[in-house]
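Inspection log for the structure reproduced underneath, given as structure tokens.
The values are calculated or read from the model by the stated rules, or taken from the named source; none is laboratory data. This structure is a prediction, so every number in the text was calculated from the model and none was measured. Note that we place each Cβ from the backbone using ideal geometry, even for glycine, and neighbour counts take in every protein chain shown. To get the accessible areas, we keep the full protein, side chains included, count just its heavy atoms, and leave off ligands, DNA and RNA. Shrake-Rupley method; radii C 1.70, N 1.55, O 1.52, S 1.80 Å.
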Amino acid sequence: MNKVGIYYAYWTHEWDVDFHPFIDKVAELGFDVLEVNAGTVGTMSADERKSLKSHADDKGLALSYCIGLPHAYDIASADEAVRAKGIAYLQQMAAAIGEIGGGNMGGIIYSCWPATMPKNETDKRPYVERSVNSMQKAIKAAEDNHVFFNMEVVNRFEQFIMNTCDEAIAYVDAVDSPNAKIMLDTFHLNIEEDFVGEAIIKAGDRLGHFHIGENNRMPPGYGHIPWTEIGAALRQINYQGYVVMEPFMMPGGQVGSDIKVFRDLSIGLNLDEEAQKALLFTRGFLK
Ligand code: MN
């Protein structure tokens, strides 16, 4: 059975927060994994990182790391100085995660987030090429630190470089590193793919990390995502990685703004109870 996790920002209005309370909460709710912000982990002191990891170890919780790179670190940028900053940032996060045992880092790490193609441009190939070149430099830090870089396929309204699993396969094959993997997310798959299960099967052993959420980013179990099909596809490719839910229900703060939560989806619901229900639901369709 896959380890099942949840992203801390389900409970927060800001990205940069103290993760310790979430280690206790998520372990108490019965999850196996807490996913945290890779940027925050990268800027902690070595002692702070160690304390985070030992707290998670004490609770029997694994950590995974996620980020959408800010525009100042866009490794697909036409500006060489911005690309260099982005590569250095990825290297710094890989080294930081390496200090606490390595593991799974992913998200929009191949460019920046949120982003749209500049006006009057229609050809994304130069962006893809620059991103692959940058990633080939940055991924060495992942290899050296036992970190996997999982490229998250997201929908067209959030990024333009990688909207389908096919595009991610081409990208990861071009980077050509055992530490370059694909991350799929059911919320995004639902928007862009013809068939969700087929996309998962296509990713095959390139699939390094898996995000789950409903079509409206509610916790799994509420919407119309084809969970039975997804469970079958993950079993077919013998996926052994983490399955991390990433629900967002609260408007407000930088999280609400970036995720575009413009109505309160949490009215009448208790966030902790909903997380626990979704955990049981998820373990059900993974079986
Ligand atoms: Mn995601």
Of the listed links LYS85/LYS181; LYS25/LYS85; LYS85/LYS140, those spanning more than 24 angstrom between alpha carbons are LYS25/LYS85
With a/c under 1.5 counting as rounded, go ahead and sort the chain into rounded, prolate or oblate using the C-alpha gyration tensor (a ≥ b ≥ c being the square roots of the eigenvalues; past the cut-off, prolate if a/b is larger than b/c, else oblate).
-> rounded
So which trypsin sites (Lys or Arg not before Pro) in segment 119-204 are both in a DSSP loop and have at most 15 other Cβ atoms within 10 Å of their Cβ?
-> LYS119, ARG156
Normalised contact order of segment 67-156, rounded percent, pairs of Cα under 8 Å and 6 or more residues apart = 41
Once the dipole of the chain is set up from charges on Cβ (+1 Lys and Arg, -1 Asp and Glu), the residue from the list ALA180, ASN150, THR43 lying farthest towards its positive end is ALA180
Between MET44 and GLU129, what FRET efficiency comes out of the Förster formula 1/(1 + (r/R0)^6) with R0 = 30 Å and r the beta carbon distance, rounded to 0.05?
-> 0.35
Normalised by the residues of the chain, what does the relative contact order come to in percent, with Cα pairs under 8 Å and at least six apart?
-> 19
Quick one: which residues, 5+ away or cross-chain, put their amide H under 5 Å from the amide H of ILE182? H built at 1.01 Å from N.
-> MET151, LEU207, GLY208, HIS209
To the nearest 0.05, the calculated FRET efficiency linking ARG283 and ASN155 through their beta-carbon distance, R0 being 35 Å, is 0.85
So how much accessible area does VAL196 have, in Å² to the nearest 10, using a 1.4 Å probe?
-> 10
Efficiency of FRET between LYS119 and ASP24 - r from beta-carbon atoms, R0 30 angstrom, step 0.05 | 0.05
Using modelled amide H (1.01 Å from N, peptide plane; none on Pro or chain starts), what sits under 5 Å from the amide H of ASN104, excluding residues fewer than 5 places away?
-> TYR65, PHE148
Size of electric dipole in segment 4-286: Cβ of Lys, Arg +1 and of Asp, Glu -1, about Cα centre, debye, nearest 20 | 220
LYS59 versus GLN254: modelled label distance in nm, points set 7 Å from Cα along the beta carbon direction | 2.2
Taking a probe of 1.4 Å, how large is the accessible area per residue of the chain, in Å²?
-> 42
